[in-house]
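The block underneath contains the structure these notes are about, expressed in structure tokens.
The values are calculated or read from the model by the stated rules, or taken from the named source; none is laboratory data. Predicted model, so just to flag it, every value in this text is computed and none were measured. Neighbour counts are summed over all protein chains in view; Cβ atoms, including those assigned to glycine, are modelled from backbone coordinates with ideal geometry. The accessibility values were calculated without ligands, DNA or RNA, using every heavy atom of the protein model including side chains. Shrake-Rupley method; radii C 1.70, N 1.55, O 1.52, S 1.80 Å.
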Amino acid sequence: MSRVALVAGMAAVIVFSTTMAYGNQPGARPLDLLGYALLGMCALGLAWPRSRPEGAVVVCSLAAAACFLLGYAYAFWPVPALVAVFLTISSGRRAWGWAGVAFLVAVPGVGVLLSLETGHLVALLVWGLLAGLVAQLAEVSRARRAYTAEVEHRMVEAERTREEEARRRAQDERLKIARELHDVTSHTIALIALHASVAAEAVDRAGGPEAARDAIKIIRKASREALAEMKGVLGVLRADGPEPRAPAPGGGQLAELAATAGLPVHLEVTGESRPLPPSVDLTLYRVVQEALTNTMRHAGATSATVGVRYETGGVVVQVDDDGTVNRVPEHGAGSAKGHGLAGMAERVEAVGGRLTVGRRPEGGFQVVAWLPA
């Protein structure tokens, strides 16, 4: 119910009830201009802002006390004061509400004690019980609101605690992984880079073959790049903040990747080249990287070809080699032994792509991935 409707309805009720009650109370003071003003004040007190309901208690109680002291017919004009008391106590302003109850009972109580009429004493007792009942109902409403607010607060706190615990556990796991990477993997790669430098100097002093020098240079460069990437990964794992500002590798670095693959790699890009989503661009690079790594480690190949073809709805990346070793049983996407191609398949599926691996009819191994663009 809107406040305007409440005030208008209450005004109509108390004016009508007072007018009708005058017929049964011939000794009461007839309604005059002052009486109508007081009745209007009783109702208008409920228009006081809900944020400060104690104002409504003051206005309605004073108007009701004036109606009583001036001798107007007993009717429903104390009801707005009881409504104001209820709203005040239920909103948490208990002192003002109970003060209003005491005032509403004390004013007629003084008059009754002065008159010492038995009928008035019974009416005062009934009136006191009614005012006390309204106040108690307001206390129940206030307690219910407080309980509901406390339950909601505890739910919010519990949810926040669960989120913090989940973040803490995730951070602990990240730190554990970071320590393992730093203590084992990074250390191993650093040793490779160090010994590659020593080997390069030894080959240079001994005047070793050019192919050996080139191979050692590739090892040094690849190990240093691996250390740099590992440093970035460790930074992400150890810090719960934004990722490093250095851009992630993508299709633009395929030429550099092919040059450091450790065997001759022919790179061919067809179609209209265009920017790819970051996740797709990174997946394209990782597919080629993993395929060339497998070629070097397991295929016994002498060369490889990397093809990137841009299509309307996606991009196709294909890596072929002339290796002679069968890698499907050990390193297939569904194999329990190998994890390279399985991880590659998971990367491709994560961005909505498709991966196909297998031997070529003319010999060698082939990796084909379609990625949405």
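Structure above, values below:
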{"quantity": "Test for residue 121: is it open to solvent by 60 Å² or more (accessible area, probe 1.4 Å), part of a helix (DSSP H, G or I) and out of contact with any Cys (no Cβ under 6 Å at 6 or more places or on another chain)", "calculated": "yes"}
{"quantity": "Residues located in region 1-39, provided they are within 51 Å of the chain's Cα centre (by Cα) and assigned to a helix (DSSP H, G or I)", "calculated": "3, 4, 5, 6, 7, 8, 9, 10, 11, 12, 13"}
{"quantity": "Any hit, region 300-320, residues being modelled with pLDDT of 70 or more, on the phi > 0 side of the Ramachandran plot and open to solvent by 10 Å² or more (accessible area, probe 1.4 Å)", "calculated": "yes"}
{"quantity": "Residue match in region 126-141 (condition: surrounded by 12 or more Cβ atoms within 10 Å (Cβ to Cβ), over 14 Å from residue 61 (Cβ atoms) and hydroxyl-bearing (Ser, Thr, Tyr))", "calculated": "yes"}
{"quantity": "Positions within region 246-291 being within 36 Å of the chain's Cα centre (by Cα) and part of a loop (DSSP other than H, G, I, E, B), in sequence order", "calculated": "246, 247, 248, 249, 250, 274, 275, 276, 277"}
{"quantity": "Meets criteria (open to solvent by 60 Å² or more (accessible area, probe 1.4 Å) and either assigned to a helix (DSSP H, G or I) or modelled with pLDDT of 80 or more (or both)) for residue 112", "calculated": "no"}
{"quantity": "Failed item, numbered, when residue 68 is tested on (1) out of contact with any Pro (no Cβ under 9 Å at 6 or more places or on another chain); (2) of a type outside the set (Lys, Arg); (3) touching a residue at least 24 places away in the same chain (Cβ under 8 Å); (4) open to solvent by 20 Å² or more (accessible area, probe 1.4 Å)", "calculated": "(1)"}
{"quantity": "Region 261-288, residues that are in contact (Cβ under 8 Å) with a residue 40 or more places away in the chain and polar (S, T, N, Q)", "calculated": "270, 279, 283"}
{"quantity": "Subset of region 52-104 (residues that are in contact with a strand residue (DSSP E or B) (Cβ under 7 Å, 6 or more places away or on another chain) and more than 15 Å from residue 17 (Cβ to Cβ))", "calculated": "70, 71"}
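For (1) closer than 16 Å to residue 64 by Cβ; (2) in contact with a His (Cβ under 7 Å, 6 or more places away or on another chain); (3) in contact (Cβ under 8 Å) with a residue 12 or more places away in the chain, each residue gets a yes or a no:
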{"position": "92", "(1), (2), (3)": "no, no, yes"}
{"position": "102", "(1), (2), (3)": "yes, no, no"}
{"position": "109", "(1), (2), (3)": "yes, no, yes"}
{"position": "112", "(1), (2), (3)": "yes, yes, yes"}
{"position": "121", "(1), (2), (3)": "no, no, no"}
{"position": "131", "(1), (2), (3)": "yes, no, yes"}
{"position": "137", "(1), (2), (3)": "no, no, yes"}
{"position": "140", "(1), (2), (3)": "no, no, no"}
{"position": "145", "(1), (2), (3)": "no, no, yes"}
